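Any read-out appearing in this document is the output of simple, stated calculations on the displayed coordinates, not a laboratory observation. Source: prediction; values computed, not measured. Backbone-built Cβ (ideal geometry, glycine too); neighbour counts: all protein chains shown.
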Number of protein chains: 2
Amino acid sequence: MQGEILTIGDELISGRVLNLNGWYAAGRLTALGLAITNITALGDDPAAISAALFVALGRSNFIIVSGGLGTTKDDITVEVVSRLLCCPLELQEPLLDHIKAVAAKWRVPWTPALEKLAWLPRGATIINPGGTTAGFTLWYQGKPIFFLPGVPEEMRMLMDRHVIPFLLNLYPDRPTIARRTLKIFGPTEAWVGDMIGRLDDELNDVIIGYYPNFPEIHLTITARDKNPARAEEVLHQAEQAIMAQVGAFVFARDDDTIESVVGDLLKKAGRTLAVAESCTGGLICHRLTGVPGSSAYFERGLVVYSNRAKEELLGVPHETIVTHGAVSSETALAMATGVRQASGADVGLAVTGIAGPDGGTTEKPVGTVYLSLAAAEGAITELRQFFGRRDQIKILSAHTALDWVRRYLTDDSFLHRH
Amino acid sequence: MQGEILTIGDELISGRVLNLNGWYAAGRLTALGLAITNITALGDDPAAISAALFVALGRSNFIIVSGGLGTTKDDITVEVVSRLLCCPLELQEPLLDHIKAVAAKWRVPWTPALEKLAWLPRGATIINPGGTTAGFTLWYQGKPIFFLPGVPEEMRMLMDRHVIPFLLNLYPDRPTIARRTLKIFGPTEAWVGDMIGRLDDELNDVIIGYYPNFPEIHLTITARDKNPARAEEVLHQAEQAIMAQVGAFVFARDDDTIESVVGDLLKKAGRTLAVAESCTGGLICHRLTGVPGSSAYFERGLVVYSNRAKEELLGVPHETIVTHGAVSSETALAMATGVRQASGADVGLAVTGIAGPDGGTTEKPVGTVYLSLAAAEGAITELRQFFGRRDQIKILSAHTALDWVRRYLTDDSFLHRH
């Protein structure tokens, strides 16, 4: 059973607004085993809407239309559908009363434009008139078409409360979808593709997708089966085969992030972390503190942009900076040990580098970044050369640093790998 | 001259990924007077891609296709197009050499999958192979089709550097679009709508759009005219009328951000800033240091999650925290003056609050945030009550704090407004 989504509004095709409704509906339906084949964004244009709806009716089992149901002159969805499907508009008295009641309650002054909301195509079933804008369903040649308002909050409410239960009931025989996302950091997409390519024979029963999500690669494994247990089993086997190939670079699964994984590991180990950031400029701290409960393990973070701050706050010796430079292995190590000592945290993490676009030299070009992690057992410091814009170098550096904490907490040999 | 956009990838129709490429291309082209009629998202499905391309060729003057050009098995755009338009694939030797050179430079290990990138349909013109993934143009019945990679960074680069100049050159007679975006922080969308509604008579010649971009409201003013000077003049008059209504809440225009505005103001005033963050957890520092050249005015930032860090690093008296709490007006003020003194910066900025979801009390619920700004002339401290999720409270707090620096630097009475 496959459907498609038509989203209507000039703001969508002029690039003023992201198509959140299409994204939301597709995500919810796909997760429930209802495939979406097309998401189309159209302007407030009768010909374009008619054509798209006509094509969709020819190829899809159900259609979700959002937008163009409002009070203003450019809201034309209802009129266009009425003409295309030959269902004349009729005033729905109970809906009109409801709209009047809502308007009075919200102290919206009554205007003739509001009456427009109560005129629907003949045969329409009103869905859940919770606000002033109602959604409705029309059937055409055995296929349901759901018309939903374009305001994301209203659209989502009607999707969740009405459209999804309705479709699940209509198509009880849909397959179960079991899905896993593996989040990969480090190798290129081509390398991942090659590694997975070797498994062709073993992955016949699943769909593999991968897409870059800078700086990560997300690899999805999807198993479809009428039998939920079988879907899970197929998924599990495929995941194991894939992990054997690329597991070394998988830092998180599904909704986990590098910072949530690091947080869980720190909590489990009962250890605390302190961070000294130069070129990442607070991004590592921001990501760590985005996790609820991070105050349990995140002690402090120092964004030491100036040399003075590096010396005063972290005790980096003035001579170290003068001799080796603020961007050097020696300074990175002194930052990591310094922040660890000053804070009393178990783990000290430091990053110093050149994020650009200026400040690079022949010896230390933009993207030169030193990372250091210090713990009771010792410390590790490394140079990385990143490429990209300032924001990309910040993100790559922060991700690498957070991944170091993960590796340190999951691999006893991490500090001694050289 | 109207075009359309086809975006390809299972991740788009399964709701895993927002259609950023469609949004970006539509926004850029519309701003330049080139209308986009449809944005379609499709899966990695040969039949669906062929059908969509076929329909698009029938109705549009130009087509932009993004996605499916990569190295992996599910990247099938090139093959599908080759078959649909009867242009057999050919190995482009110079492109292959280029890909090899880029791979070597970026230290990407060579794999057979990378060779796939050098096979293009006969007649294809390679566009700007800046990365490993090239885009290309094909002509069909006098209409250009642009094939761009799906990775947003690469797609945007090829759009900006090649597709847009190419289309502007191809269609010189389009109307000029003059557009301004005013970025508003503080009031609700409904209030902005009411204020702008009063100007109906004065804004006949422009199109006004507004849309929330959390935590900002972006108001766009668009003027279209064949005469560029006239378009600019109409835009200018409308902007002045709107600024008279809502100017007090406009913190930036067009591509400026609150952090770039603050950076410019600090640079112009020759002053430096130091930041002490508790509940914002590094976000203020991250945003400030995202601006190239921020090291000229950003001295240091302290993410003081623990009370110990607040006392040691900022000299917040132990008694202040014990008596009034870490989330209090007194602690916020001590943090701002403390970070200013310790760093020697001209301005000290501090935020302490409860980002949630836990940690709230009846007296100080989640979203309770104290801000403080200290300078040579004095200091200001205020309580704000925000609502939302943890990430939203962090963003609202950081935005408010940065806006304080802007107001302080542009309004002499800011420190004395009570």
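What does the structure give for B:3-11 when I average, per residue, the other chain Cβ atoms found within 10 Å of the residue Cβ?
Taking all residues of B:3-11 together, the mean is 3.
Return the whole-Å distance between the Cα centroid of region B:342-418 and the Cα centroid of region B:298-323.
Value for the Cα centre distance between the two parts: 15 Å.
Pop out the Kirkwood hydrodynamic radius of chain B from its pairwise C-alpha distances, inverse of mean 1/r, in Å to one decimal.
24.9 Å
Around B:Ala374, what is the net charge, scoring Lys/Arg as +1 and Asp/Glu as -1 over all other residues with Cβ under 12 Å from its Cβ?
-1
Quick one: which residues, 5 or more positions from A:Leu199 or on another chain, have an amide H under 5 Å from its amide H? H modelled 1.01 Å from N in the peptide plane, none for Pro or chain starts.
Under 5 Å from the amide H of A:Leu199 lies no amide H from a residue far enough along the sequence or on another chain.
Between the helical axis of B:258-269 and the dominant principal axis of chain B, each derived from Cα atoms, what acute angle in degrees is found, rounded to the nearest 10?
Approximately 60 degrees, to the nearest 10.
What are the label-to-label distances in nm, one decimal and shortest first, from A:Ala103 to the same spot in the other copies, with labels 7 Å along Cα to Cβ?
Listed shortest first, these distances are 6.6 nm.
List A:Met195, B:Met159 from most exposed to least, where exposure is judged by having the fewest other Cβ atoms within 10 Å.
Lowest to highest Cβ neighbour count: A:Met195, B:Met159.
Pull up the cross-link candidates among the lysines for A:Lys226, meaning alpha carbon to alpha carbon under 28 Å and not fewer than 8 places away within one chain.
A:Lys143, A:Lys183, B:Lys73
Report the local net charge at B:Ala238: Lys and Arg +1, Asp and Glu -1, summed over other residues whose C-beta lies under 9 Å from its C-beta.
Here the charged neighbours net out to -2.
List the lysines whose alpha-carbon lies under 30 Å from that of B:Lys364, not counting same-chain residues fewer than 8 positions away?
Cα-Cα hits under 30 Å: A:Lys267, A:Lys268, B:Lys310, B:Lys394.
Going 7 Å from the Cα of A:Leu383 in the Cα-to-Cβ direction, what parts of region A:335-365 have a backbone nitrogen less than 16 Å from that spot?
A:352-355, A:360-365
Could you work out the relative contact order of region B:2-170? I mean the mean sequence separation of Cα pairs under 8 Å and 6+ apart, divided by the number of residues, in percent.
Normalised by residue count, the contact order of region B:2-170 is 23 percent.
Evaluate Rg over Rh across region B:287-387, taking Cα atoms for both radii and Kirkwood's formula for Rh.
0.98
Using the alpha-carbon centroid of each, what span in Å lies between region B:229-252 and region B:89-142?
Result: 46 Å between the Cα centres.
Do any trypsin sites (Lys or Arg not before Pro) in region B:1-76 lie in a DSSP loop with no more than 16 other beta carbon atoms within 10 Å, and if so, which?
Passing both the DSSP loop test and the Cβ count: B:Lys73.
Compute the distance in nm between two label points, each set 7 Å from the Cα along the Cα-to-Cβ direction, one at B:Asn204 and one at A:Thr323.
7.8 nm
Can you list the GluC sites (Glu not before Pro) in region B:350-394 that are in a DSSP coil and have 14 or fewer other beta carbons within 10 angstrom?
Filter output for region B:350-394: B:Glu363, B:Glu377.
So what's the angle, to the nearest 10 degrees on a 0 to 90 scale, between helix A:390-410 and the longest Cα principal axis of chain A?
The angle comes out at about 70 degrees.
For chain B, what's the relative contact order in percent, using C-alpha pairs closer than 8 Å and at least 6 residues apart?
Answer for chain B is 10 percent.
Per residue of B:62-74, what is the mean number of Cβ atoms on other protein chains within 10 angstrom of that residue's Cβ?
For this peptide, the per-residue mean of nearby foreign Cβ atoms is 3.
What's the average, rounded to a whole number, of partner chain beta-carbon atoms within 10 Å of each residue's beta-carbon in A:311-321?
1
Can you give the local net charge around A:Leu313? Use residues other than it whose beta-carbon is closer than 15 angstrom to its beta-carbon, Lys and Arg +1, Asp and Glu -1.
That works out to 0.
Could you list B:Trp106, B:Trp404 in order of exposure, starting from the residue whose Cβ has the fewest other Cβ atoms within 10 Å?
B:Trp106, B:Trp404
Obtain the radius of gyration and the Kirkwood radius of region A:2-170 from its C-alpha atoms and give Rg over Rh.
Here the Rg-to-Rh quotient is 0.94.
Relative contact order (percent) for region A:176-253, with alpha-carbon contacts under 8 angstrom and 6 or more residues of separation?
Taking the mean separation of contacting Cα pairs over the length of region A:176-253, I get 47 percent.
On a 0 to 90 degree scale, rounded to 10, what angle separates helix B:46-59 from the longest Cα axis of chain B?
Relative to chain B, helix B:46-59 is tipped by roughly 90 degrees.
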